[in-house]
Structure formats: structure tokens, C-alpha cells
Amino acid sequence: MRHDPAANTTTQLDEGTENETAAALTEYEMEKAEWRGPLRAAVIYEIVRRAGDHELERPTKSLIFSSIAAGIVITLSVLTEAYLMQALPDTKWAHLIAAMGYTTGFIFVILARQQLFTESTISAVLPVMAKPSWNNLFAVARLWSIVFMGNLIGTAIFAIWFTTFPPATAETLDAIREISERAMQYGFIETALRGVCAGFLIAGVAWLMPSSRGFELHVIFLITYIIALGKFAHVIAGSAEAWYLAFGGFSSFPEVIFGFIVPALIGNVIGGTVLFAFLAFGQVVAELDEAPDEYVNHGPHDEDRDADCPSTKERAAATAGYETRK
């Protein structure tokens with residue numbers, strides 16, 4: 001039996017939904033918008049918000065294992081960068097190539113849908129902005145605390161492994177140490193400011209993914225490459241470097257915690273939540289209470305339904321694996 005989007009739309013507009021955005025963004029518009037481009041900002045907002053809702057509802061056990069896995073995998077960034085650094089000649093342009101290695105961990109973690117703290121700053125906050133409540137605030141605090149600690153545990157596992165039984169050459173370990181010491185060379189304030197830039201850019205990845213449609217790899221690579229070139233402070237990827245110095249005896253634990261992890265965390269949260277999330281919400285908040293013109297007569301036209309939406313099989317095949325789509 002064929003699903004009638006117009007009937008579904010009428011029911012939603014008459015009975016209301018879980019939050020104020022549904023008046024403007026009906027189920028059918030969400031479905032249709034993903035197959036017609038470009039997506040308008042309010043639709044991107046709703047896709048990211050729904051992804052945040054899903055993350056906030058995930059079981060604790062799932063969050064723990066996913067975040068620890070993400071912490072381990074993100075260390076591919078420093079490891080790949082070290083491999084490239086040791087192989088490149090000592091020239092002015094070598095860092096342009098070595099910085100490409102920094103993108104590998106992020107590509108793996110984000111495309112694998114593992115829990116990375118900085119990526120969840122915007123998606124977890126948007127549901128709270130849509131429906132402020134103590135329950136939502138508690139859910140965000142729960143998600144952030146679990147994911148952040150899990151990520152740190154994962155990067156610490158890497159550091160202990162590579163300082164105790166390193167599966168790498170002495171040249172590679174020297175490169176890792178050089179990268180790590182370079183990340184620790186800034187003071188508290190400058191590290192926090194560099195963290196603001198990194199947090200803002202990583203939040204941009206979550207915002208751009210719904211409209212990437214086949215170019216997700218390019219988006220992740222471009223944004224994380226900018227982070228590497230700018231030497232911005234990403235608290236999770238950088239914690240692998242910080243832990244390496246601490247467990248290797250090259251620096252003390254208070255130095256790496258309060259000299260890098262804490263200021264980078266503050267900067268990432270400010271950049272991803274206070275700046276990007278609020279700006280993203282602010283640009284669409286005026287549109288959320290406005291019903292689209294095509295629903296004035298209780299639904300989209302029949303020709304739109306037939307011409308623009310793919311078949312059930314095509315839709316299922318194309319959207320498989322994307323949690324932000326229904």
C-alpha cells in the first residue's frame with residue numbers, strides 16, 4: 001500500500017509534534033528535501049537535530065564502547081602524520097604533505113559513526129535549543145561526559161602502547177614526540193583560542209554532512225586539513241600527543257592536563273557550542289514557525305510526489321547507513 005505523504009503532513013500539522021520545528025518541516029518535506037538540492041538551512045538544522053536526538057538516546061554501554069574505539073582510532077592522525085614526517089625531506093613545504101596525515105583518524109571515526117566528543121557538540125546541543133528542559137540538559141551532560149572520558153581512555157591506550165611496547169621504529173617515535181611537543185608549546189590562553197577554531201570547524205563537519213551527499217570524504221578531509229595547517233587545538237586528537245609525552249616521561253601529567261587538555265576542551269566547547277551551534281540555530285529560528293507555501297493546501301502536489309521522490313528500493317539503498325535520514 002502506497003504511503004500518502006499529504007495525509008501524514010495534515011496529521012502532523014493538526015496534532016502537533018515533539019517540538020516547534022515540525023510546523024515548518026514535515027516528514028514529507030524532510031524526505032523530499034534530501035533528494036532535491038540544495039537543502040535549505042532549516043532542513044539541515046532538522047536533520048542534524050534529529051541525529052542529536054538519536055545520540056542522546058543511545059544506551060550507555062554503546063556510548064562507552066563507541067567513544068573508546070573513537071579515541072583509539074583518532075590516534076591514526078598523529079601516527080600517519082609521523083610516518084609522513086619521517087619520510088619527507090626537511091624543506092619548507094614538507095608540513096603541507098605531513099598535515100594530510102592528520103585527516104586520516106577523523107575520516108575513519110566520522111565515516112564509521114563512532115562517538116567523537118567535538119563532533120557531538122553541535123548535534124547534542126540543537127535538541128536542547130529546540131526544546132529547553134532539565135531532562136535534555138541532563139541528557140547532554142551524560143552524553144558529553146561519557147564520550148569525552150571514553151575518548152581520553154582510547155587515546156591513553158595508544159600512548160601506553162607506544163611508550164611501553166612500541167610497534168614502530170625509533171624514527172617514527174621521534175616524529176611522534178616532535179609533533180607532540182609542538183602541540184604543547186603554546187600557553188593556556190593561546191591553546192584555548194586555537195581550540196575555539198578547531199571546535200568551530202569540527203562542528204561545521206556535522207552541519208555539512210547532510211548536504212554533502214557522496215562527498216563526505218572530501219568535506220572531512222578539507223576541514224581537518226585546515227585544522228592541521230592552522231595548528232589548531234583539537235582536544236581528543238591532541239590528547240593522544242599529550243598522553244604520549246606524559247606516559248613517555250617527557251612531560252608531567254599536570255602539565256599535559258592543564259597545559260593542553262583543559263584549555264583545548266574549553267576552546268572546543270566554546271567554538272562548537274557557543275559559536276557554531278548558536279549561530280546555526282539563530283539563522284533558522286525565524287523560519288521554524290513558518291509553514292512552507294506548498295502545504296497551504298494541505299500537502300505537496302501529486303506531480304511533486306511522483307516526480308521528485310525515488311522508489312522505496314532506491315531510497316533504502318541510497319540512505320543505508322545514514323542515521324540522520326529516515
Sorted by accessible surface (1.4 Å probe, heavy atoms of the protein chains only), largest first, 232, 165 come out as 165, 232
Taking only protein heavy atoms and a 1.4 Å probe, the highest-to-lowest accessible-area order of 90, 174 is 90, 174
For residue 61 the rounded accessible area (nearest 10 Å², probe 1.4 Å, non-protein molecules ignored) is 140
Counting only protein heavy atoms and leaving out ligands, DNA and RNA, the solvent-accessible surface of residue 96 at a 1.4 Å probe, in Å² to the nearest 10, equals 70
The answer for region 94-237, accessible area per residue at 1.4 Å probe in Å², is 42
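The values are calculated or read from the model by the stated rules, or taken from the named source; none is laboratory data. Not measured: the values here are computed from a predicted model. Side chains included, ligands, DNA and RNA excluded: accessible areas come from the protein's heavy atoms. Shrake-Rupley method; radii C 1.70, N 1.55, O 1.52, S 1.80 Å.
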